[in-house]
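Engineer: Take a look at the following structure, please.
The values are calculated or read from the model by the stated rules, or taken from the named source; none is laboratory data. What you are looking at is a predicted structure, and each value in this text was computed from that prediction instead of being measured. Backbone-built Cβ (ideal geometry, glycine too); neighbour counts: all protein chains shown. Please note that ligands, DNA and RNA were not included when accessible areas were found on the heavy atoms of the full protein model with its side chains. Shrake-Rupley method; radii C 1.70, N 1.55, O 1.52, S 1.80 Å.
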Amino acid sequence: MLRDSSDKISRRKLLKMGGAGAFAVIGAALLNPSTLFGKSTLVADKHDIHKAMKGQLHEGMKHGYVPSNDATEGFKAAQKALTAFDYGKVSQLPDGRTLREYEITAYEKEVQIAKGIKFPGWTFNGTIPGPTIRCTEGDVLRIHFGNATSHPHSIHFHGMHPTNMDGLEAVNAGDTFTYEFEAKPAGMHVYHCHVAPLARHIHKGLYGNFIIDPKKPRAAAREFSMVMNGFDLDLDGENEIYTVNGYAFAYQQEPIKVKVGELVRIYLSNLTEFDLINSFHLHANFFNYYATGADPEARPQFTDTIMQCQGERGILEIVFPSSGKYMFHAHQSEFAELGWMGFFIAE
């Protein structure tokens, strides 16, 4: 059926194809954009798509399905982001306080977000999300920011700091700026570019987790950093792919290994643009959720599902009671079916 030239395949049409079918169509379109996102597009009606692909959703998204087994660059970046915490270059100030210095540069770079699919990103240090910055409450942070792109950018840190360090002033292409402030309060925070148009600068990839540990350390745990995000491939204001740490199904392709009975702590944030909320759901278990994690002694929410709006974040603490494969994913089904799904393996 020939449709109007303005018609595009939306994410909801892609969902009718199932995860594998959707990615196959997107990948083919990127190789030949006129077939999907071009001015003159021949596409099937969504009912025809559903009819043709009705078997793929069941087979493609069944429990344990792995869209790709290839250790691509994007997959390896997502695996690294899970446990990579940047503590900066540490020294001591004359007054005895700890100084942590970080080097962050904005780059324009294509990043791989699924097998065969690259996204023209704006990145901090070449990755989406950017590095997970970590420190302790009371540390003095000195972030040397360089803009190696062709657009103005900045870094806005959530938390408490002087207003002249808030990242509202753009750093022009080729320029540098040093942000310096005391890290407070303790808890789970984020950082992102704050140059207009905000939706585009954030969606393009300029964000990351920012963890301020309390002076009294939290209980020892196996720790992971996770950033929920989405990618709008055809610039229509709707995401076609959803991920954790920038690569679709990364932790389904290679589940996260944990030990039975150990405390697992996840620093979770939502930087998804174009959707009002994102969510995290754990199968076959519950967890303690500390919103922002500012008070380690606070009474947590005991649940298996939480929601976060954009910029919201928190800390999940999980103990897996027995061995097995525990699924986790967004509880918006379309997000899960378009990339936001993974597993823990407790051993």
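Engineer: Kindly rank 93-101, 282-290 from highest to lowest mean number of other beta carbons found within 10 Å of each residue.
Structural biologist: On the way: 93-101: 11.6, 282-290: 17.8.
In decreasing order of mean packing, 93-101, 282-290 become 282-290, 93-101.
Engineer: On to the next question. Could you do me a favour and compute the accessible area per residue for the stretch 118-187, 1.4 Å probe, result in Å²?
Structural biologist: Details: 2720 Å² over 70 residues.
On a per-residue basis, the stretch 118-187 sits at 39 Å².
Engineer: Can you compute log10 of I(q)/I(0) for the stretch 187-267 with the Debye formula, treating each Cα as one identical point scatterer, at q = 0.19 Å⁻¹?
Structural biologist: -0.97
Engineer: How big is the dipole moment of the stretch 136-229 about its Cα centre under a simple scheme where the beta carbon of each Lys and Arg is +1, that of each Asp and Glu is -1, and everything else is neutral? Debye, nearest 20, please.
Structural biologist: Working: 8 positive and 9 negative charges, 70 e Å.
It comes to approximately 340 debye.
Engineer: From the C-alpha gyration tensor of the stretch 163-298, pull out the three semi-axes of the equivalent ellipsoid (sqrt of 5λ each), sorted largest to smallest, in whole Å.
Structural biologist: 28, 23, 12
Engineer: Still on this model: With a sphere of radius 9 Å drawn around the Cβ of Gly146, what net charge do the other residues whose Cβ falls strictly inside it have (Lys, Arg +1; Asp, Glu -1)? Walk me through the numbers before you get to the answer.
Structural biologist: On the way: positive: none; negative: Glu103, Asp175.
Local net charge: -2.
Engineer: At what distance in angstrom do the alpha carbon centres of the stretch 292-347 and the stretch 157-208 lie from each other?
Structural biologist: One Cα centre to the other: 26 Å.
Engineer: Probe 1.4 Å, all protein chains in place: accessible area of Val195 in Å², nearest 10?
Structural biologist: Surface open to solvent at Val195 totals about 20 Å².
Engineer: Nearest 20 debye, what's the magnitude of the dipole of the stretch 274-318 about its Cα centre given +1 on Lys and Arg Cβ and -1 on Asp and Glu Cβ? Present the calculation step by step, with values, prior to reporting the outcome.
Structural biologist: Numbers: 2 positive and 6 negative charges, 6 e Å.
Dipole magnitude for the stretch 274-318 comes out near 20 debye.
Engineer: Working only with C-alpha atoms, what are the Rg and Dmax values of the stretch 275-334, expressed in angstrom?
Structural biologist: 12.3, 36
Engineer: For the stretch 241-347, just say rounded, prolate or oblate: build the C-alpha gyration tensor, square-root its eigenvalues into a ≥ b ≥ c, call rounded for a/c under 1.5, and beyond that prolate if a/b exceeds b/c, oblate if not. If you can, show how the numbers build up before the last one.
Structural biologist: Values: a/c = 1.98, a/b = 1.09, b/c = 1.82.
The shape class here is oblate.
Engineer: Further, regarding this structure: With every protein chain in place, what's the accessible area of Ser150 (1.4 Å probe, Å², nearest 10)?
Structural biologist: 80
Engineer: Quick query: amide H of Gly205 versus all other amide H atoms, modeled in the peptide plane; which residues come in under 5 Å with a sequence gap of 5 or more or a different chain?
Structural biologist: Answer set, sorted by chain and number: Trp122.
Engineer: Let me ask something else about it. List the residues, sorted by chain then number, that are 5 or more residues from Glu240 or on another chain and whose placed amide H is less than 5 Å from its amide H.
Structural biologist: Phe231, Asp232, Leu233
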